[in-house]
Structures are given as structure tokens and as C-alpha cells.
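Reviewing the structure listed below.
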Amino acid sequence: MGEDLRNGARIYVPLHDLGRFQYTERDLIGRVHDGRFLAFMNYQADRAEELYAKAEELLPEEDREALLAPRVMHRIYARLLEKMRKDGFRVFDRRYRLSKWEKVWLLVKEKLGI
């Protein structure tokens, strides 16, 4: 988010969810990192994790091998989300990444089903 704000890029977040936590667009532009923001981000993270789980449930077993790339991307995004959550969603001053080796390891784990 911080990088997008610095570049003047759009940030895609549901405005009704911002309102639910009384966090405004002005707060977002001002990079206000408070309890409201953390509640909003935890809500979004929980929602993403629920959607990941639902997608996993709906994946037909016969399509698992053909959909290896999306399954690995799921693991990568889930790991990034885990890092952000553990770090208190410091998305205004940090860019969260995985190393090439972390990505390869997630590929191997997905391929082996571990």
C-alpha cells in the first residue's frame, strides 16, 4: 500500500469495509496505522484466508496437477499474508516479499503435497 500511495497508484479496498471500521480514505492516504486500520486489515486477511480455504475445497482432485501454478500462487499469497499479519500489517512502510528460494520451497511442498 505504501508503494502504491507513493506512486499515486490506486489502492483497491472495499470502501464499505473501510466504513465498517470507521477508517476513511483520508486515513488511508495519510497512512494512519492505528487500531481501526489493524481491525480492517485483520478482517481482510481473515476473509482472504476463508476464500483460500473455500477454493481448496472446491478444487476437483482430477484438476490438481493441471492447476499446479495457481496452487503455488495460493501458497505464496498465503505466506505473504502470514508475514504481514505477524508484522502488524506495516504495509505503509514495508513491501513484503518472498525470496526466490522460499518460492521454490513452496513449489516443492505443493508438488509433493506436504
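Quick note: the coordinates plus some simple rules give every number you see, no bench work behind them. Model, not experiment: these values are computed from the prediction. A quick note on method: Cβ atoms are made from the backbone with ideal geometry, for glycine too, and the neighbour counts reach across all protein chains shown.
Things to note:
- Spin-label model distance (nm) - Arg6 vs Arg47, 7 Å beyond Cα toward Cβ: 2.7
- Cubic angstrom per residue, convex hull over Cα atoms of the chain: 122
- 3J(HN,Hα) along region 3-13: 5, 4, 5, 5, 8, x, 7, 6, 10, 9, 9 Hz, from the Karplus curve 6.51 cos²θ - 1.76 cosθ + 1.60 with θ = phi - 60°, whole Hz, x for Gly and Pro.
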